[in-house]
Amino acid sequence: MAIIDAQVHAYERDHPGRPWHAVLTGPPEVTGDDMVAAMDAVGVDGALLVSAFTMYQCDASYAVSVRAAHPGRFALIKPVDVSDPGVVDTIAEWAAMDGTVAIRIMMRDNVSTDADDPDINRVMAAAAQHGLPINLLCWGRLEQAAQLAARNPNTSLVIDHVGLQQPFEPPAPPDPFADLPKVLALAEHENIAIKISGACTLSHGPFPYDDIWDPLCRIFEAFGIRRCLWGTDWTRAVKLLTYEQGVQPFRLTDRLSDSDRAELMGGALQRVYNWSPSKA
């Protein structure tokens with residue numbers, strides 16, 4: 001089976017030619033070559049390269065250059081600004097580029113909490129028109145995500161990072177799965193899939209993070225494994241675990257059958273994003 005990571009980041013050092021907006025937790029740089037080396041070391045065939053919003057905001061030019069250097073290993077996801085008057089044209093241009101598979105909305109303070117907000121919904125409509133799933137970073141706003149899914153049934157939504165706030169450094173929150181009932185409620189919307197990305201950072205125990213499996217299995221049961229996509233969120237997790245430690249628990253656990261493991265670690269992603277890696 002193809003092993004595909006649903007979310008990784010790459011970025012170069014801060015420099016005047018492509019200055020950082022802010023600093024993301026992680027090494028001074030993780031280039032595309034670095035990311036490929038990390039994947040090769042543990043047998044990950046490909047990944048969705050999400051342009052690093054903290055550093056680059058909505059400028060995905062570095063991610064585009066990484067994909068050009070490694071076209072068989074990465075597909076691209078770009079954050080968009082829902083308040084940008086030109087966002088519909090931006091989505092159309094992004095959809096026409098090679099290797100692009102989705103856009104991303106960061107549901108932060110600058111994005112309305114109203115599910116009827118016209119800016120958000122025009123992005124939802126434009127993504128559906130161009131066949132692009134929308135990744136939603138929406139912890140703390142899961143009810144709004146459900147309302148958006150109901151309002152836009154033809155738009156494919158993918159909830160980032162199990163729908164939960166995740167730490168940048170240890171320890172994990174005291175009750176990291178406190179909002180699990182709200183996450184499970186999203187499963188009733190057939191146009192929602194969910195990334196099981198960064199899940200190991202929610203553990204209170206050491207590798208292989210055995211305490212995450214009961215809540216994760218409730219998510220698998222609610223959504224069905226065909227709507228669940230494993231990922232590491234590397235390099236955000238660098239202070240909590242290694243890249244290998246984000247991969248191996250899902251390979252080693254006896255809580256997944258072989259067929260479910262194949263779905264979770266690649267099969268579901270290939271259907272949701274209509275993309276498969278190739279090392280050729």
Answer yes or no as to whether ALA172 is surrounded by 15 or more Cβ atoms within 10 Å (Cβ to Cβ) and touching a Gly at 6+ places or on another chain (Cβ under 7 Å). no
Just to be sure, is SER51 in contact with a helix residue (DSSP H, G or I) (Cβ under 9 Å, 6 or more places away or on another chain), under 27 Å from MET124 (Cα atoms), of a type outside the set (A, V, I, L, M) and crowded, with 21+ Cβ neighbours inside 10 Å? yes
If we take the range 133-224, then strands (runs of 3 or more DSSP E) inside it with 3 or more residues that are in contact (Cβ under 8 Å) with a residue 40 or more places away in the chain and within 19 Å of the chain's Cα centre (by Cα) are 192-197
Whichever residue in the range 146-162 is small (Gly, Ala, Ser) and over 16 Å from VAL272 (Cβ atoms) and, among such residues, is surrounded by the most Cβ atoms within 10 Å (Cβ to Cβ): ALA146
Among the strands (runs of 3 or more DSSP E) confined wholly to the range 1-116, which include 1 or more residues that are out of contact with any Phe, Trp or Tyr (no Cβ under 8 Å at 6 or more places or on another chain), of a type in the set (A, V, I, L, M) and free of Cβ contacts under 8 Å to residues at least 24 places away in the same chain? none
Count - residues of the range 185-240 that are surrounded by fewer than 16 Cβ atoms within 10 Å (Cβ to Cβ) and modelled with pLDDT under 95: 1
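The values are calculated or read from the model by the stated rules, or taken from the named source; none is laboratory data. Keep in mind that this is a model prediction, so the values were computed, not measured. Virtual Cβ from ideal backbone geometry, glycine too; neighbours counted across all protein chains shown.
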